[in-house]
1. Tell me which residues, restricted to region 197-235, are of a type in the set (A, V, I, L, M, F, W, C), assigned to a loop (DSSP other than H, G, I, E, B) and either open to solvent by 40 Å² or more (accessible area, probe 1.4 Å) or under 18 Å from A23 (Cβ atoms) (or both).
2. Kindly list the number of the only condition in (1) open to solvent by 30 Å² or more (accessible area, probe 1.4 Å); (2) over 20 Å from G30 (Cα atoms); (3) not small (G, A, S) that fails for D179.
3. Please go through region 180-221 and give me each residue that is farther than 24 Å from K49 by Cα and touching a Lys or Arg at 6+ places or on another chain (Cβ under 7 Å), ordered by number.
4. Name the residues in region 93-110 that are touching a helix residue (DSSP H, G or I) at 6+ places or on another chain (Cβ under 6 Å), closer than 11 Å to Y224 by Cβ and open to solvent by less than 10 Å² (accessible area, probe 1.4 Å), would you?
5. Of all the residues that make up region 236-245, how many are within 30 Å of I63 (Cα to Cα) and either open to solvent by 70 Å² or more (accessible area, probe 1.4 Å) or in contact with a Leu (Cβ under 6 Å, 6 or more places away or on another chain) (or both)?
6. Are any residues in region 246-266 surrounded by fewer than 10 Cβ atoms within 10 Å (Cβ to Cβ), part of a loop (DSSP other than H, G, I, E, B) and at negative phi, and if so, which ones?
7. Of the residues that make up region 150-171, is at least one closer than 21 Å to S225 by Cα, of a type in the set (S, T, N, Q), free of Cβ contacts under 8 Å to residues at least 40 places away in the same chain and open to solvent by 20 Å² or more (accessible area, probe 1.4 Å)?
8. Out of all the residues in region 28-57, which are at negative phi, of a type in the set (G, A, S) and either in a helix (DSSP H, G or I) or out of contact with any strand residue (DSSP E or B) (no Cβ under 6 Å at 6 or more places or on another chain) (or both)?
Amino acid sequence: MSVTQDFRYLQHTFGLNQVAEMAQAIHDDGFALIPNVLSSELVAQAREKIDGLKPFGFDSEGINDHYKCVFNRDPFWLQFIDWPGVIDLAEATMGSECHIIGQTAWRSHPGHNGWSPHTDRVFVEVPEDMAEDPRFKLPIYLCTAHFYLSDIDEELCPTYVIPGSHKSGQALTWGKDKDPEYKGRKLEPVLCKAGDVLFFRSEIWHTGSENKSDRIRHLLQVHYSHRFIAQQFSPFMSWQFNPEVLAAANPRQLRLMGDHKRAAYD
């Protein structure tokens with residue numbers, strides 16, 4: 001537990017320059033919480049940009065607005081896919097040729113209830129005793145960075161996690177168990193400030209929650225994975241890169257969008 005500017009974090013936090021320590025936390029706890037990543041000015045700008053998004057393809061709007069592949073709509077969103085420290089953590093855990101498989105924006109309105117404990121994806125199921133054996137380190141295949149654009153308290157649908165639950169070695173079916181427990185630990189809220197980032201691996205047991213407030217939660221996600229794992233850019237067969245975005249992208253951003261060095265199977 002740590003305190004920053006009179007705000008008390010429930011989980012251990014890291015500085016953006018603590019890449020090695022954060023990478024170890026992804027192996028040990030399944031996540032790393034990083035305060036003060038974005039400025040208040042950029043947070044406000046990102047919220048305004050999300051408010052201006054129009055649905056396209058597989059997007060949906062309602063009590064919970066969900067916009068996919070926002071990096072392809074405006075060069076503004078490129079800066080978040082290679083944010084210093086965050087991208088270094090992605091590369092430290094998934095390799096120097098890792099890429100994004102998606103980038104999503106959300107607006108969760110009052111009354112939205114996202115409580116549905118799950119794992120995003122478990123690539124390899126292993127016996128629990130093996131997953132917990134210190135000689136075995138489960139590879140990190142897919143991670144998500146949550147860029148919080150709202151101050152998250154217990155009323156504004158925080159993300160909940162069970163630290164270490166990725167070591168169960170098993171998938172948690174979406175919403176099947178409403179109150180899962182792992183090694184005596186239950187889901188705990190990640191309370192944080194606008195501009196903070198939660199970086200977590202796909203196997204950790206986690207869930208969204210209910211918006212009990214009168215506010216809208218704004219959230220931006222960047223999904224990272226290995227170069228050999230397919231990018232999920234909907235609407236798939238009719239997908240086209242935005243020329244304006246490609247023209248504005250730096251070499252690292254182009255690689256993250258799929259401009260890889262030639263390798264096996266290319």
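1. If the condition is that a residue be of a type in the set (A, V, I, L, M, F, W, C), assigned to a loop (DSSP other than H, G, I, E, B) and either open to solvent by 40 Å² or more (accessible area, probe 1.4 Å) or under 18 Å from A23 (Cβ atoms) (or both), then I204, I216, F228, A230 are the ones that fit.
2. (2)
3. S202
4. C98, H99, I100, Q103, listed by residue number.
5. Total meeting the criteria: 5.
6. Those that are surrounded by fewer than 10 Cβ atoms within 10 Å (Cβ to Cβ), part of a loop (DSSP other than H, G, I, E, B) and at negative phi: K261, R262, A263, A264, D266.
7. Scanning region 150-171 turns up no residue that is closer than 21 Å to S225 by Cα, of a type in the set (S, T, N, Q), free of Cβ contacts under 8 Å to residues at least 40 places away in the same chain and open to solvent by 20 Å² or more (accessible area, probe 1.4 Å).
8. S39, S40, A44, A46, G52 - these are the residues of region 28-57 that are at negative phi, of a type in the set (G, A, S) and either in a helix (DSSP H, G or I) or out of contact with any strand residue (DSSP E or B) (no Cβ under 6 Å at 6 or more places or on another chain) (or both).
The values are calculated or read from the model by the stated rules, or taken from the named source; none is laboratory data. In this text the structure is predicted, and so the values were computed from the model without any measurement. Note that each Cβ is placed from the backbone with ideal geometry, even for glycine, and that neighbours are counted across all protein chains shown. Accessible surface areas use protein heavy atoms only, side chains included; no ligands, DNA or RNA. Shrake-Rupley method; radii C 1.70, N 1.55, O 1.52, S 1.80 Å.
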